[in-house]
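The values are calculated or read from the model by the stated rules, or taken from the named source; none is laboratory data. Predicted, not measured: the structure shown is a model, and the values here were computed from it. Cβ sites come from the backbone with ideal geometry, for glycine too, and all protein chains shown count toward neighbours. With ligands, DNA and RNA removed, areas are computed over all heavy atoms of the protein, side chains included. Shrake-Rupley method; radii C 1.70, N 1.55, O 1.52, S 1.80 Å.
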Amino acid sequence: MSPTVPSRVNGSFPNQADKARRPAQVAPRTWIRAILSGGWVEETCPAWCTSTHVNDTYGCLDDLVHMGPAVAMRAEMHLAGTDGPAAWPILSATIACDPYSEDPARRTPHVSLEPSQDDVIENVHPEQLAAFIRDVRAHCDRLDQVHAQLVQVVADHERRQA
């Protein structure tokens, strides 16, 4: 089942006469997409979208995804099988919107959440993101407890070694 074609899809690609009728100055981040199944759509990015859309001038209607900048943390870690520390991306989040998705929930801006590299939780809506943030904060409190315990264990170990 394909997504509902919006009323703004035009029947044929704009010709010179169509271009002449359009204002010379188009809105920023507005472009024409040729649709693989026929016709064309004039697209405009939402203000938060930072995608280049360089490959979005031709394709299937539902291929378009608007994405904002990624917010990510890089943790310096020694990973098994490596010689030294590496910056490991964790807790990455990006606002996205798939305006022509078959899933109505994906047509609304949502977050694509990547707790660790290659582990993606898609279509996270505001209340779900808030719950995730609460859980991470609670877990950080538990990590603080583990840290305090580790400091004590290391101090005890060093005293016994002396």
Is it the case that some residue within the stretch 46-68 is charged (D, E, K, R) and in contact (Cβ under 8 Å) with a residue 60 or more places away in the chain? yes
Considering (1) in a loop (DSSP other than H, G, I, E, B); (2) open to solvent by 20 Å² or more (accessible area, probe 1.4 Å), say which one Y100 fails and leave the rest. (2)
With (1) under 16 Å from the mean Cα position of the chain (by Cα); (2) at pLDDT 90 or above; (3) not basic (K, R) as the list, and P89 as the residue in question, which single condition is left unmet? (2)
So V111, is it surrounded by 14 or more Cβ atoms within 10 Å (Cβ to Cβ), in a strand (DSSP E or B) and touching a helix residue (DSSP H, G or I) at 6+ places or on another chain (Cβ under 6 Å): yes
In the stretch 114-129, what residues are in a helix (DSSP H, G or I) and surrounded by 10 or more Cβ atoms within 10 Å (Cβ to Cβ)? P126, Q128, L129
Quick check on the stretch 58-97: of everything there that is in a loop (DSSP other than H, G, I, E, B) and open to solvent by 80 Å² or more (accessible area, probe 1.4 Å), which residue is farthest from N123 (Cα to Cα)? D83
Please identify the pairs in which a residue from the stretch 132-158 that is of a type in the set (F, W, Y) has its Cβ atom under 8 Å from the Cβ atom of a residue that is outside any helix (DSSP H, G or I) and surrounded by 10 or more Cβ atoms within 10 Å (Cβ to Cβ), counting only partners at least 6 apart or on another chain. F132/L113; F132/V124
Have a look at D98, D119, D83 and point out the one that is at pLDDT below 95, closer than 27 Å to P46 by Cα and out of contact with any Cys (no Cβ under 9 Å at 6 or more places or on another chain). D119
If I filter the stretch 135-146 for residues that are closer than 16 Å to I90 by Cβ, open to solvent by less than 70 Å² (accessible area, probe 1.4 Å) and of a type outside the set (K, R), do I get at least one hit? yes
